[in-house]
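What follows is a set of notes on a single structure, which appears directly below.
The values are calculated or read from the model by the stated rules, or taken from the named source; none is laboratory data. Fair warning: this is a prediction, and the values are worked out from it, not measured in the lab. Neighbour counts run over all protein chains shown; Cβ positions are idealised from the backbone, glycine included. SASA here: full protein model, heavy atoms, side chains in, ligands and nucleic acids out. Shrake-Rupley method; radii C 1.70, N 1.55, O 1.52, S 1.80 Å.
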Amino acid sequence: MSIAYDAAFSVEGKHLLLTGAGGYLGSAMARLLVAGGAHVIGLGRNGDRLQRLAEELGAGPGRFRPLVLDIADEAAMIRAFEALDVPQLDGLINNAAIGKTGSLRLADKATYMEIYDVSVASVAASIRLLLPALQKAVANSGSASIVNVSSMYGIVSPDPRVYDTEAGRNPPFYGAAKAALLQLTRYSACEFGPLGIRTNAISPGPFPSPEAQQSNPDFVARLANRVPLGRIGRPEEAAGVVAFLLSDASRYVNGANISVDGGWTAW
């Protein structure tokens, strides 16, 4: 079966659910997907951010519907997902994360559990709860896609020399959880692949927020110096890979992790 180029890479008309939609990368994903004609339900804990994004994206061509939700609250997640008014779910983007810093010496057990809950356990719960909607997409359209957002620090360790202080380092619990998310991605790909549901991951590299870029340009310069391309990432560059994994162009891609890091993990 042949498919036209434009149709292969299109997300037009797809019904998608995006967690962490109000964040730096999440909002870029929402913008690109809505611009491509997708209908996006954007989850996040910050209602003000989500509302501003909804107002920005109101003109379409797709649609953006904000949904204030803490995905670590499974009971609330069950209620919210049961109330979703969508004919099917063509794609699930698990992008929610918690930003904290530290080191092995400074981190306590409770923080490891908190980050694991959001980055791994809540992702597994989302997949389980939304499986019927994903299966409807397979029945109606032939496929569905799950995209998990991991990190380069799920593959390699942070370089402590990049950071100004020990307390300000990218922490061990973040990378450990993101590594676990990559294994969950492979597991999901094998369990749900026979159902026509693909599961893949992206591992973004250095994408410091605009606030970090303004407040600590020396740190950003050190990050850029570690990248073979010689610069930090732009959020739309991560969003583009997500769009590819949601499109029909990637229908035979399953269980993969795509590094979006400018070559950081190629050293």
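How much of the pair distance distribution for region 109-148 lies past 17 Å, counting alpha-carbon pairs only, in percent?
Above the 17 Å cut-off, region 109-148 has 43 percent of its Cα pairs.
When all protein chains stay in place and ligands, DNA and RNA are ignored, the 1.4 Å accessible-area order of ASP85, ASP164, largest first, is ASP85, ASP164. Partners of LYS178 within straight-line reach, counting lysines whose Cα lies under 26 Å from its Cα and excluding those fewer than 8 residues away in the same chain: LYS100, LYS109. For a straight C-alpha distance cut-off of 17 angstrom, the lysines reachable from LYS136 (same-chain residues fewer than eight places away being disregarded) are LYS14. Once both axes come from the Cα atoms, what is the angle between helix 47-56 and the longest principal axis of the chain, in degrees from 0 to 90, rounded to 10? On a 0 to 90 degree scale, this one is about 60.
Whenever you get a sec, compute what percent of the accessible area on the chain sits on carbon and sulfur atoms (1.4 Å probe). Carbon-and-sulfur percentage of accessible area, whole number: 54. To the nearest ten degrees, helix 24-35 and the longest principal axis of the Cα atoms of the chain are 30 degrees apart. Within the chain, the longest run free of exposed loop sites, counting trypsin sites (Lys or Arg not before Pro) that sit outside DSSP helix and strand states (H, G, I, E, B) and have at most 15 other Cβ atoms within 10 Å, spans 106-230.
Counting only DSSP H runs of at least 4 residues, each contributing -39500 (n - 2.57), and dividing by the residue count of the chain, the helix-based mean residue ellipticity at 222 nm comes to -12500 deg cm²/dmol.
In the context of the full set of protein chains, region 153-209 has a per residue accessible area of 40 Å² (1.4 Å probe). Cα centroid separation, region 205-267 to region 53-111: 20 Å. Computed over the chain with a Gaussian network model linking Cα atoms closer than 10 Å, the most mobile of LEU104, LEU43, LEU69 is LEU104. Counting only protein heavy atoms and a 1.4 Å probe, region 22-80 has 48 square angstrom of accessible area per residue. Sorting GLU82, GLU166 by solvent-accessible area of protein heavy atoms yields GLU82, GLU166, largest first, with a 1.4 Å probe. Computed from Cα atoms alone, the Kirkwood hydrodynamic radius reported for region 128-267 is 16.3 Å. Matching the structure-derived Cα Rg over 2.2 N^0.38 Å against the labelled list (i) 1.09; (ii) 0.98; (iii) 1.52 gives the label (ii). Considering every alpha-carbon pair of region 77-182, the percent of pairs per 10 Å bin, from zero through the bin containing the longest distance, is 14, 37, 25, 16, 7, 0.
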